[in-house]
Amino acid sequence: MKVDEIVFSQERYQTDGFYICPQPVIPRDVVGRAVAGMDAVRAGDYDTGVPPRPSYWKPGDDPNALCKIEMPQIASRAIMELVSHPALGAKAAEVTGANAVQVWWVQLLYKPPTVAGQQIRANVGWHQDYRYWGIWEEDSELFTAWVALSDVTDVSGPMHFVVGSHRWGLSTEGDFSSQEYEAQRDAIRMAYNQEWREAPAILPPGSASFHQKLTFHGSGPNLSSHPRRSFAIHMRTERSRPKGDARQGLTAFIDDPAYCPVIFGDAGDLG
Ligand SMILES: O=C(O)CCC(=O)C(=O)O
């Protein structure tokens, strides 16, 4: 990447609260294997012999609901290959300016196409990630790389980011599981006396967006004829600490590289 492109991505990330990579980051063959890995994990087939962590969606659950599976990389070698890919680590470090980057949690997200006449159960309500991450110190540098495995277009229920909302502070509003995409947006909008401008994360397979822990985002129905496939890869830099240095819940595995790989820099810098 050229120096002016790095500066541009850092400026966007700092100013807007997110950065959307225009080009694929992950090689096509790695993406292909991860798609097969995703299908295997969704079917309950774990080639590592280790199941994912307890999840909102389990094999056999409603195929028309959002499928969210926690820590799929421990269940699939191909998914681990993708989430720990050095190109992703290098890009994350470029965008954030970090010396070291660790993957500390991963969510498999499979948003099926909306079936006409059926109640929608695959929206992602507007939220700020840090609302769910209180186990980390408030000033921790935490962010998410959202990697597309399918072509994410404006009709496939892309994530939308609210430009500049990372500067609004932590809200009591927001709910990942809300299906009331429009009404919830209106309520949050009313709560802030700020300009509400949205940017959709349109991504080709293998590309990624990066968003900060306080950036509001959500996604509506998938109106395409194909599933929207992705991983939300939650990352941290050397400027992060669990509260009380605890290892529990979402931080339980951060000392284990087989769960939480360091994908850029020196693990010693992460403490
Ligand atoms: O996949 C989505 O639409 C939202 C994912 C999300 O909330 C996240 O990556 O933090």
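The values are calculated or read from the model by the stated rules, or taken from the named source; none is laboratory data. Because the structure is a prediction, the values reported are computed rather than measured. Every residue, glycine as well, gets a Cβ built from its backbone with ideal geometry; the counts of neighbours run over all protein chains shown. Surface areas here come from the heavy atoms of the whole protein model, side chains and all, with no ligands, DNA or RNA. Shrake-Rupley method; radii C 1.70, N 1.55, O 1.52, S 1.80 Å.
Among residues of region 228-251 being within 14 Å of the ligand (Cβ to nearest atom) and small (Gly, Ala, Ser), the one that is surrounded by the most Cβ atoms within 10 Å (Cβ to Cβ) is Ser230. In region 80-114, the residue that is modelled with the highest pLDDT out of those that are polar (S, T, N, Q) and within 15 Å of the ligand (Cβ to nearest atom) is Gln107.
Note on region 1-104: enclosed helices (runs of 4 or more DSSP H) holding 2 or more residues that are in contact with a Ser or Thr (Cβ under 7 Å, 6 or more places away or on another chain) and open to solvent by less than 60 Å² (accessible area, probe 1.4 Å) are 28-42, 86-96. Within the set Ser225, Ser207, the sole residue that is surrounded by fewer than 18 Cβ atoms within 10 Å (Cβ to Cβ) and in contact with a Pro (Cβ under 6 Å, 6 or more places away or on another chain) turns out to be Ser225. May I ask you to list the residues in region 152-200 that are of a type in the set (A, V, I, L, M, F, W, C) and under 26 Å from Gln10 (Cα atoms)? The answer is Val152, Met159, Phe161, Val162, Val163, Trp168, Leu170, Trp196, Ala199.
Restricting region 130-158 to residues that are open to solvent by 10 Å² or more (accessible area, probe 1.4 Å) and either outside any loop (DSSP other than H, G, I, E, B) or near the ligand (Cβ under 9 Å from one of its atoms) (or both) leaves a set whose member that is nearest to Trp57 (Cα to Cα) is Tyr132. Within region 26-66, the residues that satisfy the criterion of being of a type in the set (D, E, K, R), within 26 Å of Val115 (Cβ to Cβ) and without any contact (Cβ under 8 Å) to a residue 60 or more places away in the chain are Asp39, Asp45, Lys58, Asp61, Asp62. Mind listing just one residue for me: the one in region 169-183 that is polar (S, T, N, Q) and surrounded by 12 or more Cβ atoms within 10 Å (Cβ to Cβ) and, of those, nearest to Lys213 (Cα to Cα)? Among residues in region 169-183 that are polar (S, T, N, Q) and surrounded by 12 or more Cβ atoms within 10 Å (Cβ to Cβ), the one nearest to Lys213 (Cα to Cα) is Ser171. For beta carbons closer than 6 Å, sequence separation of 6+ or different chains, a first residue in region 209-221 that is in contact (Cβ under 8 Å) with a residue 60 or more places away in the chain and on the phi < 0 side of the Ramachandran plot and a second that is open to solvent by 30 Å² or more (accessible area, probe 1.4 Å) and not in a loop (DSSP other than H, G, I, E, B), the qualifying pairs are Ser209/Ile20. For region 109-129, residues that are over 15 Å from Met159 (Cβ atoms) and either within 12 Å of the chain's Cα centre (by Cα) or open to solvent by less than 40 Å² (accessible area, probe 1.4 Å) (or both) total 2.
In region 166-192, what count of residues is obtained for those that are away from the ligand (no atom under 13 Å from the Cβ) and on the phi < 0 side of the Ramachandran plot?
Total satisfying the criteria: 18.
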